[in-house]
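Peer 1: I'd like to ask you about the structure that follows.
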Amino acid sequence: MRAAFLSTTLPFADWDAALKEHMPELELRPWPGIGDADAIDAALAWQPPAGSLARLPKLRLVHALGAGVEELLADPGLAPGVPVVRLVDPSMTRAMGEYVQLQVLRLHRQDFDYRAQQEAGLWRELPQPAPGERRVGILGLGVLGSEAALRLKVLGFDVAGWSRLERKQKGIPSFFGKDGLAALVRRSDILVCLLPLTRETENILDVGLFAALPRGAAIVNCGRGAHLVEDDLLAALESGQLSAAVLDVARAEPLPPEHGFWSHPRIVLTPHAAAATNPRTAAPIVAAALRRFAAGNRLANLVDRARGY
Ligand code: NAP
Ligand code: GLV
């Protein structure tokens, strides 16, 4: 089987080596050296070179090498009927779960305040609420959001989630739709965003949502930078409506050196590192999908292109 590797950011050699272990018969060709474009019927893609998708006229499958596919779906070269599979890798799910646990615990255990006190040379114990007294809301109860919710529940937090359609999640109260969002936000001392970026979810973390959170709430954004209206966050931190923010993603990545987030005392940044794609763990998953595709079997984790995720 022959597939094109289309990525401006992922290391071809690592993917090629990892995939060969699981699918020795796969001929993976990196752009632009793909040979006869008509002989390529599948592409493994992540931030593909501009125009590359458009130059594969026989493409019948795109397997994304990441979980969020908004950039791929926006690529003008992606032909309308081509199925897109996104990466669902249990190792990434675990990594995101760990990240959310870490950041929610950081907020719960007042790490921002203790750091500020340390800088001020202040030895002062703060009140110590139990996790059950901390309400955590998860925007997006999909693969990653559900894992994060369950892990937080195990830690004893009062967790609830929000999705587009009604979802029954073991022991996690869940809300859905517009009314559900208002209800979830009202009860979230810590709000975690694990939504895909779509027309409906862009700019969702804005002044209106911040105003609806309990005063002094904190946010964790590990969805996409465009979920957040950055100036609204700065204003909410300034006014004390929000007490802190943990951001793994930004509108412009890497965050420009002059950006105000770098030095903000109530913002913790990580460089889009919550759950990285790993060729070693992803290769068997991608290989299995390519085999199913070659055999004409139904594919898992197909993106609904109209819905945008
Ligand atoms: P997923 O399984 O597709 O889940 C998406 C969830 O969001 C679903 O529960 C879905 O609702 C909900 N949702 C979508 N649109 C909505 C809307 N308009 N209103 C309410 N809920 C909505 O996706 P995933 O695998 O969990 O990944 C989520 C996102 O995480 C990715 O798209 C990506 O942006 C981000 N991500 C970040 C990193 C990182 O390192 N920072 C790594 C991987 C992924 P339904 O259940 O009703 O469909
Ligand atoms: C990373 O952000 C991903 O979507 O896989």
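Peer 1: What do you reckon, is Lys178 touching a Lys or Arg at 6+ places or on another chain (Cβ under 9 Å), basic (Lys, Arg) and surrounded by fewer than 20 Cβ atoms within 10 Å (Cβ to Cβ)?
Peer 2: no
Peer 1: I'm checking my understanding of the structure. Among residues of region 146-158 that are out of contact with any Ser or Thr (no Cβ under 8 Å at 6 or more places or on another chain) and within 14 Å of ligand 1 (Cβ to nearest atom), which one is farthest from Glu200 (Cα to Cα)?
Peer 2: Looking at residues that are out of contact with any Ser or Thr (no Cβ under 8 Å at 6 or more places or on another chain) and within 14 Å of ligand 1 (Cβ to nearest atom), I get Arg151.
Peer 1: Here's a check for you: in region 242-267, which residue that is among the acidic types (Asp, Glu) and in contact with a His (Cβ under 9 Å, 6 or more places away or on another chain) is nearest to Asp206 (Cα to Cα)?
Peer 2: Here the answer is Asp248.
A quick yes/no check of all residues on (1) part of a loop (DSSP other than H, G, I, E, B); (2) over 20 Å from Leu107 (Cβ atoms); (3) in contact with a Leu (Cβ under 7 Å, 6 or more places away or on another chain):
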| site | (1), (2), (3) |
| --- | --- |
| Leu234 | no, no, no |
| Gly260 | yes, yes, yes |
| Ser263 | yes, no, no |
| Val268 | no, no, no |
| Ala276 | yes, yes, no |
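Peer 1: Are any residues in region 263-293 in contact with an Asp or Glu (Cβ under 9 Å, 6 or more places away or on another chain) and either of a type in the set (S, T, N, Q) or at pLDDT below 95 (or both), and if so, which ones?
Peer 2: Once the filter is applied, which keeps residues that are in contact with an Asp or Glu (Cβ under 9 Å, 6 or more places away or on another chain) and either of a type in the set (S, T, N, Q) or at pLDDT below 95 (or both), region 263-293 yields Thr270, Thr277, Asn278, Thr281.
Peer 1: While we're here: Out of region 257-306, which residues are free of Cβ contacts under 8 Å to residues at least 12 places away in the same chain and within 16 Å of ligand 1 (Cβ to nearest atom)?
Peer 2: Within region 257-306, Asp304, Ala306 qualify.
Peer 1: Of all residues being in contact with a strand residue (DSSP E or B) (Cβ under 6 Å, 6 or more places away or on another chain) and outside any helix (DSSP H, G or I) in region 15-34, which is surrounded by the fewest Cβ atoms within 10 Å (Cβ to Cβ)? Just the residue, please.
Peer 2: Going through the qualifying residues, I end up with Glu27.
Rundown of residues vs (1) part of a loop (DSSP other than H, G, I, E, B); (2) farther than 21 Å from Leu195 by Cβ; (3) among the hydrophobic types (A, V, I, L, M, F, W, C), yes/no style:
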{"position": "Gly97", "(1), (2), (3)": "no, no, no"}
{"position": "Leu107", "(1), (2), (3)": "no, no, yes"}
{"position": "Arg115", "(1), (2), (3)": "no, yes, no"}
{"position": "Pro129", "(1), (2), (3)": "yes, yes, no"}
{"position": "Gly137", "(1), (2), (3)": "no, no, no"}
{"position": "Ala148", "(1), (2), (3)": "no, no, yes"}
{"position": "Lys153", "(1), (2), (3)": "no, no, no"}
{"position": "Glu166", "(1), (2), (3)": "yes, no, no"}
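Peer 1: Separate question: Go through region 200-216 residue by residue and tally those that are in a loop (DSSP other than H, G, I, E, B) and either within 13 Å of ligand 1 (Cβ to nearest atom) or more than 20 Å from the chain's Cα centre (by Cα) (or both).
Peer 2: 9
Peer 1: I would also like to ask the following. Consider region 35-59. How many of its residues are assigned to a helix (DSSP H, G or I) and surrounded by fewer than 11 Cβ atoms within 10 Å (Cβ to Cβ)?
Peer 2: Here the count works out to 1.
The values are calculated or read from the model by the stated rules, or taken from the named source; none is laboratory data. Bear in mind that the values here come from a model prediction, so they are computed numbers and not experimental data. Note that each Cβ is placed from the backbone with ideal geometry, even for glycine, and that neighbours are counted across all protein chains shown.
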